[in-house]
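Below is one structure; the comments refer to it alone.
The values are calculated or read from the model by the stated rules, or taken from the named source; none is laboratory data. Just so we're clear, the structure is a prediction, and the values are computed from it rather than from any experiment. Heads up, the Cβs are rebuilt from the backbone with ideal geometry, glycines too, and the neighbour counts pull from every protein chain shown.
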């Protein structure tokens, strides 16, 4: 009788640095330690947005993506500093070298988080939980920083697990407990379910994974579009997406749908500064420089426009992205038209020639 060979259970680790930018600043500057620290745009003038906040600042309700002026209102004695991306990138590279001691199957998501597939690890340790402990220990000893880790058999569950015991957490969710765990998980905790979708789900009486599980796949697709198929799978603990160390990149972008429509230029720029910083991080991780910057705007009536500008030199600074996006928004801004979504992307990584738009007109691209 021919023996049945079952496929190996994957061993996935999700590593997420704790309050990364703020922790680096507190490490490098003793005067910031133990104090509410906000890294991002300064609250003066037009004001920017919070990139990240120390755990001391989070106690006052300060969160990433929040306008810096609002953060100052919540904590008047908070310290505000601008990001030092060159330093964060250097630290991130060191962290990547630590990962490589155990596996080459590394999929970075940003400067401060990544998936690792350690099903077959370089040191033949065999235990994903033990490898996660060793990585956390190395980060603490070599960089004087803390990371949280989630360990499971797929990417989705590992990512949720890494967020459960922050900071300096380590959470393992084994195969036998995944489905029950997903049933009890609130819908707003599902990675990929944003505020708007979570609100829609709760209005439909869908509060937990167990509620989602009651719907057929075709019903989820009807209510939520193509992503409904993903919800159907992950609520059952099924996620077959591989850890992808490399993939061809044609554009790098980020976008956000807002819980309430934006009306003013200032509100939109605050959000676009935050989004632009996310795009810059992704460019740094992929070591890419793009010449074409595109702004995407979707209005409350779901009408969508894009505006783009091709620059003579590749973009290598966050400030250049923000400045260009501000120019594009200035051109596209329509008084009194509520905006529900904004996005920023960079492209034109490989082309040597720059396509110029007619004077005063930005070309329209479909990059999202």
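Checking the structure you have, find out if any residue of region 182-200 is over 30 Å from residue 54 (Cα atoms) and in a helix (DSSP H, G or I).
yes
I'm trying to understand the selection: among the residues of region 68-83, which are under 17 Å from residue 24 (Cβ atoms) and surrounded by fewer than 17 Cβ atoms within 10 Å (Cβ to Cβ)?
Correct list: 81, 82.
On the basis of being in a helix (DSSP H, G or I), touching a strand residue (DSSP E or B) at 6+ places or on another chain (Cβ under 9 Å), modelled with pLDDT of 95 or more and under 13 Å from residue 15 (Cβ atoms), does residue 171 make the cut?
no
Which of the residues spanning region 155-185 are without any contact (Cβ under 8 Å) to a residue 24 or more places away in the chain and out of contact with any helix residue (DSSP H, G or I) (no Cβ under 8 Å at 6 or more places or on another chain)?
Passing the criteria: 164, 165, 174, 176, 177, 180.
Would you be able to tell me the number of residues in region 89-109 that are touching a residue at least 60 places away in the same chain (Cβ under 8 Å), more than 16 Å from residue 145 (Cα to Cα) and crowded, with 18+ Cβ neighbours inside 10 Å?
Going through region 89-109 one residue at a time, the tally reaches 4.
Take region 141-154 and flag every residue that is within 21 Å of residue 28 (Cα to Cα) and either in contact with a helix residue (DSSP H, G or I) (Cβ under 8 Å, 6 or more places away or on another chain) or touching a residue at least 24 places away in the same chain (Cβ under 8 Å) (or both).
Of everything in region 141-154, those that are within 21 Å of residue 28 (Cα to Cα) and either in contact with a helix residue (DSSP H, G or I) (Cβ under 8 Å, 6 or more places away or on another chain) or touching a residue at least 24 places away in the same chain (Cβ under 8 Å) (or both) turn out to be 142, 143, 144, 145, 146, 147, 148.
Conditions tested, residue by residue: (1) closer than 25 Å to residue 109 by Cα; (2) surrounded by fewer than 17 Cβ atoms within 10 Å (Cβ to Cβ); (3) at pLDDT below 95.
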| site | (1), (2), (3) |
| --- | --- |
| 135 | yes, no, no |
| 149 | yes, no, no |
| 155 | yes, no, yes |
| 194 | yes, yes, yes |
| 197 | yes, no, yes |
| 202 | no, yes, yes |
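So which strands (runs of 3 or more DSSP E) are wholly in region 68-126 and hold at least 3 residues that are modelled with pLDDT under 95?
Those strands (runs of 3 or more DSSP E) span 106-110.
Inside region 10-61, counting only strands (runs of 3 or more DSSP E) that do not spill past its ends, which hold 1 or more residues that are closer than 28 Å to residue 244 by Cα?
The qualifying strands (runs of 3 or more DSSP E) are 12-17, 50-53.
Evaluate the following for residue 130: is it outside any loop (DSSP other than H, G, I, E, B) and more than 19 Å from residue 106 (Cα to Cα)?
no
Look through region 205-214, keep the residues that are buried (at least 17 other Cβ atoms within 10 Å of the Cβ) and not in a helix (DSSP H, G or I), and return whichever of them is farthest from the chain's Cα centre (by Cα).
206
Any idea which of 86, 112 is in the same structural domain as residue 168 (by TED's automatic domain parsing) and crowded, with 20+ Cβ neighbours inside 10 Å?
Sole residue among the options that is in the same structural domain as residue 168 (by TED's automatic domain parsing) and crowded, with 20+ Cβ neighbours inside 10 Å: 112.
For residue 43, state whether it is surrounded by fewer than 24 Cβ atoms within 10 Å (Cβ to Cβ) and modelled with pLDDT of 95 or more.
Here the answer is no, as residue 43 does not meet what is asked.
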